[in-house]
Amino acid sequence: MGAIITGTGSALPARCVTNAELAERIDTSDEWIVERTGIRQRYIAGQGETTATLATEAARNALSAAGRTAADIDLIIVATTSADNSFPASATKVQALLGAPTCAAFDVQAVCSGFVYALSIADAMIGAGSARCALIIGAETMTRLLDWEDRTTCVLFGDGAGAVVLEANDDPSRGIIATRLHADGCQAPMLYADGGISTTQTTGMIRMAGREVFRHAVTNLAQVLTDVIADAGLAASDIDWVVPHQANKRIIDATVKKLGLTADRVIMTVDRHANTSAASVPLALDCAVRDGRIQRGDMLALEAMGGGFTWGACLLRY
Ligand code: ACO
């Protein structure tokens, strides 16, 4: 049994903050941010907006697009690094807010790669027959992990959520074809939060060696895309759309160039959303489905890399 995406949805906080607005508080400029990252604005969660509320709104939109209701769900996975509480999992909060049945619900923590990890887990569970209609969500309020005194990180991130309904499907020409997941814990000092429950009893704040992250991201993402395409017995030219993790326009451009792909086959939303970590791939996917670029039958390559390092890719016929 394979797994197919039957609906997508997303959600953003009400407040949009432009680079110019940030430059009023921080020693930065719209010009620097756009040139180095492609980011023009980001959404920042306000009072009452949390990872779980954004996840729930995205989930409702995905369920409606799939023609499903909460009663149909038999698995909920939320990929997040910024859960509402240390426990329980955000997925259980989403389950309660949706009024979903008492199905399995858990979070996956793989930072920016979380959604690709979650999709791969759900695909395997559907393949094993332990789920038929899964809700897979990437949701974050990463701005709550930022050090607003650190201009090298605080300009890069935003909040939001994206979701897909993933359903069992016995048509081998559609759905998820191949996934690859990787991690290299030795690289943790390159990108991490400098606190945690079991160490400082605080959340900590994001710390990053930007140039190193950039270099690893391009190398790892180009390799994992090449591998997953080869696993499927396809060529890069068979990909209709790359839906990349939206960290930095320059990372995305350099990665797809290595595969010989052009910008007109890449979904780019980093200008509008900045880096929303685990939410970025499903957010970009939903935008491109709703604006009509991604059509049924298109071959999609999803990829992401984040702290850990973790990285991965998923190839699917939409
Ligand atoms: N505004 C203005 N100037 C800045 C800012 C800012 N926000 N941040 C740094 N600078 C300055 C630095 O202080 C430095 O000044 P100096 O030359 O006087 O010392 C100068 O800009 C250049 O700094 P670099 O760090 O060398 O700039 P770089 O070109 O490497 O760009 C960036 C930095 C954008 C962070 C880049 O390294 C990058 O994108 N790395 C990838 C990081 C990333 O995307 N992380 C997200 C999480 S991981 C992931 O999702 C894949």
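Right, GLU140: assigned to a strand (DSSP E or B), within 16 Å of the ligand (Cβ to nearest atom) and charged (D, E, K, R) or not?
Here the answer is yes, as GLU140 does meet what is asked.
Mind checking which residues of segment 174-199 are touching a Ser or Thr at 6+ places or on another chain (Cβ under 6 Å) and within 20 Å of PHE87 (Cα to Cα)?
Correct list: GLY195, ILE197.
Could you list, in sequence order, the residues of segment 276-292 that are open to solvent by 10 Å² or more (accessible area, probe 1.4 Å) and under 19 Å from the mean Cα position of the chain (by Cα)?
CYS287, VAL289, ARG290, ASP291
Here are some residues: SER198, SER237. Which one is open to solvent by 30 Å² or more (accessible area, probe 1.4 Å) and more than 28 Å from ILE44 (Cα to Cα)?
Among SER198, SER237, only SER237 is open to solvent by 30 Å² or more (accessible area, probe 1.4 Å) and more than 28 Å from ILE44 (Cα to Cα).
On the given criteria, is VAL242 more than 28 Å from ARG15 (Cβ to Cβ), touching a Phe, Trp or Tyr at 6+ places or on another chain (Cβ under 6 Å) and at pLDDT 95 or above?
no
Taking segment 213-250 only, how many residues are within 16 Å of the ligand (Cβ to nearest atom) and either over 15 Å from ALA313 (Cα atoms) or in contact with a strand residue (DSSP E or B) (Cβ under 8 Å, 6 or more places away or on another chain) (or both)?
Count: 18.
Could you please find all residues in segment 143-195 being assigned by TED's automatic domain parsing to the domain that holds VAL17, within 11 Å of the ligand (Cβ to nearest atom) and either open to solvent by 50 Å² or more (accessible area, probe 1.4 Å) or assigned to a strand (DSSP E or B) (or both)?
Scanning segment 143-195 gives ARG151, THR152, PHE157.
Could you check, for segment 10-21, whether at least one of its residues is open to solvent by 30 Å² or more (accessible area, probe 1.4 Å) and over 22 Å from the mean Cα position of the chain (by Cα)?
yes
Answer with yes or no whether ILE39 is in contact with an Asp or Glu (Cβ under 8 Å, 6 or more places away or on another chain), within 16 Å of the ligand (Cβ to nearest atom) and of a type in the set (A, V, I, L, M, F, W, C).
So ILE39 passes the test.
Can you work out which of the residues in segment 60-75 that are of a type in the set (Gly, Ala, Ser) and touching a helix residue (DSSP H, G or I) at 6+ places or on another chain (Cβ under 9 Å) is nearest to THR102 (Cα to Cα)?
Among them, the one singled out is ALA70.
The values are calculated or read from the model by the stated rules, or taken from the named source; none is laboratory data. Since the structure is predicted, the reported quantities are computational estimates derived from the model, not experimental observations. Cβ sites come from the backbone with ideal geometry, for glycine too, and all protein chains shown count toward neighbours. Areas reflect the complete protein model, heavy atoms only, side chains present, ligands, DNA and RNA absent. Shrake-Rupley method; radii C 1.70, N 1.55, O 1.52, S 1.80 Å.
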